[in-house]
Amino acid sequence: MRAGKTLYPELRFLMLTVFDDEDKIFEAIKAGADGYVLKNEKVSLIIDSVIQLAEYGTAPISPRIARKTLDLLMNASIEKMEKDDKEEYDYALSERETEILKLMTDGYSYKQTATKLFISSNTVKKHLANIYHKLHVTSKAQAIKIATRNKLI
């Protein structure tokens, strides 16, 4: 199929097979399959798949293959999210930013933090904006969650 797709890129290829294992599915897709239908499907579904691909350019796929593909993608996404959650990042917070984040975690308001650190409330807000930017968050709750999870405070 790979050679056919290279020689005739305008043609559409429908994989009609008995194989439903993940490796075969992804090999076919990587080789350029435009659809993947199992031979044990109803004849009407196979005919409809050929028509859909030829006339409308859709990507027909057997329901069982669709389920497997979705499960694989979902599991891969969950594994990636878990891996991303475990990765440690260097957020490069300054000593002052860490101090302000710690006080916010302890429940201090902007004004209380400013008074405790002998700075203005606007300076506290500016430091928080920098913290949010470095942590890639948009709220105090998110910043506290990231800081706690990554032991920044």
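Determine the equivalent ellipsoid of the range 95-149 by diagonalising the alpha-carbon gyration tensor, then write out the semi-axes as square roots of 5 times the eigenvalues, largest first, rounded to whole Å.
Details: eigenvalues 61, 26, 16 Å².
Semi-axis lengths for the range 95-149 are 17, 11, 9 Å.
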For the range 1-70 and the range 137-153, what is the separation of their C-alpha centers, rounded to whole Å? 46
In nm, what is the difference between 0.36 nm times the number of residues separating SER120 and HIS133 and their Cα-Cα distance? 2.7 nm
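Using only the Cα atoms, what convex hull volume per residue in Å³ does the range 14-153 have? Walk me through the numbers on the way to the answer.
Values: hull volume 22.1 nm³, N = 140.
Output value, Cα hull per residue: 158 Å³.
How high is the FRET efficiency from MET1 to GLU22, r the C-beta distance, R0 22 Å, rounded to 0.05? Numbers along the way, then the final one.
Values: r = 18 Å, r/R0 = 0.80.
E between MET1 and GLU22, to the nearest 0.05, is 0.80.
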The range 2-85: proportion of alpha-carbon pairs further apart than 22 angstrom, %: 33
From the residues LEU73, THR58, SER139, which one has its Cα farthest along the dipole of the chain in the positive direction, the dipole being from +1 and -1 charges on Cβ of Lys/Arg and Asp/Glu about the Cα centre? SER139
Whole-Hz ³J(HN,Hα) from phi, Karplus 6.51 cos²θ - 1.76 cosθ + 1.60, for the range 101-111, glycine and proline x: 4, 4, 5, 5, 5, 7, x, 5, 7, 4, 5
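Bear in mind these aren't lab numbers, they're just calculated from the coordinates by the rules spelled out. What you see is a predicted model; the values in this text were computed from it and never measured. Ideal geometry is used to build each Cβ from the backbone, glycine not excepted, and the neighbour counts take in all protein chains shown.
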